[in-house]
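Laboratory data are not the source of any read-out in this text; all were calculated from the coordinates shown. Note that the structure is predicted; figures quoted are calculated from it, not measured. Virtual Cβ from ideal backbone geometry, glycine too; neighbours counted across all protein chains shown.
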Amino acid sequence: MKLELQPDSGPIRFLTRIFDLIMLSVLTLMLCATVVLAGAALTALYAVTLKMVRGEDHRIVRSLFRAVRDNLVSSVPVSVLLFADALLMILLFQALWADELLFPPTVFVALCVVAVLLTVLLSYLIPLTARFDNRMSRHLLNAGSLALANLPVTCLITLVNLLPPLLVIVFPQLLGNVVALWAFVGIGGGAYLNSFYLRRIFDRISG
């Protein structure tokens, strides 16, 4: 008996989706490595994954680069906040693994809270910038409002976005594996997973 897989069969669609997420992860990582394009790259990533969950995902690579171009200017504040959050995370990791105490415990806890709040804000700000045309001040206000109004979803998407550093903290011996997994599939996969929940919220507020 000969097994034939149709192009629209479940296994083929699943493998195609995995390949798309790998492509998105690698391309986004390459763009983020330029630092300057980090905000535009992640905004473009969510522009694509939000289309994917709506079934509008026919040309993944072209859509990603078009979204980078379209969001190049509007995502500059996103890049600044990303840079600040990344620097803060690096500082906290250095303090956590340093042989000597770099900060008093209260300062360390306060910086952790700031890092988490920045991540929460970016978890909504990036997809809002990808989905809607608006002033950045309005996006920031909407990001904070949506984060408070949808606390269960906020906790979930923030956990997804913080998963790599959390895994490294709990399992430092797996640093290389975590970095490799997130670089090849986690970036796109995390955005894709978050987009399922964000789509429902955005559809509700857009009427």
* Asked: Suppose every K and R has +1 on its Cβ and every D and E has -1 on its Cβ; what is the size of the dipole of the chain about the Cα centre, in Debye to the nearest 20?
  -> 720 debye
* Structure fact -> Phi-derived 3J(HN,Hα) across region 18-31 with the Karplus relation (6.51, -1.76, 1.60, θ = phi - 60°), rounded Hz, x for Gly and Pro, is 4, 4, 4, 5, 5, 4, 4, 4, 5, 5, 5, 4, 4, 5
* Would you mind ranking 106, 129 by Cβ crowding within 10 Å, fewest neighbours first? => 106, 129
* To do: Have a look at 183, 110, 130 and tell me which one the Gaussian network model of the chain (Cα, springs below 10 Å) gives the largest fluctuation.
  => 110
* To do: With θ set to phi - 60°, apply the Karplus curve 6.51 cos²θ - 1.76 cosθ + 1.60 along region 164-169 and write out the HN-Hα couplings as whole Hz, x wherever there is a Gly or Pro.
  => x, x, 5, 5, 5, 5
* Asked: Taking the chain as a Gaussian network, where each spring joins two C-alpha atoms under 10 Å apart, which residue of 190, 144, 176 fluctuates the most?
  -> 176
* If you average the sequence gap of Cα pairs under 8 Å that are 6 or more apart and divide by the length of the chain, what percent do you get for the contact order? -> 29 percent
* Pairwise label distance in nanometres, residue 180 with residue 96, each label 7 Å out on the Cα-Cβ vector -> 2.2 nm
* **the chain: calculated mean residue ellipticity at 222 nm from DSSP helix runs of at least 4, using -39500 (n - 2.57)** => -25500 deg cm²/dmol
